[in-house]
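The values are calculated or read from the model by the stated rules, or taken from the named source; none is laboratory data. Model, not experiment: these values are computed from the prediction. Glycine also receives a Cβ, built like all others from the backbone with ideal geometry; neighbour counts cover every protein chain displayed.
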Amino acid sequence: MTARECLTRVRLEHAADLICAGVKIEAVALTVGYRSKKNFYQRFKRHYAATRLQYRPLNAARRRAG
């Protein structure tokens, strides 16, 4: 894994936590370091095989549980 791939993974994992916590998607993208929402959306979908809006309800309960 390259340094860039590792950084992207860490950013997206942090983004997933924020999304499940109910933070607005635009704020999440900026918080984890993406200047372009479009780029964030594409990377998130590629990494999680779900859009950021699909991901929230699927994983919010699971993350709260543990």
**Q.** Long-range neighbours under 8 Å by Cβ, at least six apart or interchain, first residue touching a residue at least 12 places away in the same chain (Cβ under 8 Å) and surrounded by fewer than 20 Cβ atoms within 10 Å (Cβ to Cβ) within segment 19-33, second of a type outside the set (F, W, Y) and part of a loop (DSSP other than H, G, I, E, B)
**A.** T31/V23
**Q.** Matching residues, segment 1-16, being surrounded by 14 or more Cβ atoms within 10 Å (Cβ to Cβ) and either within 14 Å of V28 (Cβ to Cβ) or under 9 Å from the mean Cα position of the chain (by Cα) (or both)
**A.** R11, L12, H14, A15, A16
Q) Which one is farthest from R4 (Cα to Cα), of the residues in segment 29-60 that are at pLDDT 95 or above and among the β-branched types (V, I, T)? A) T31
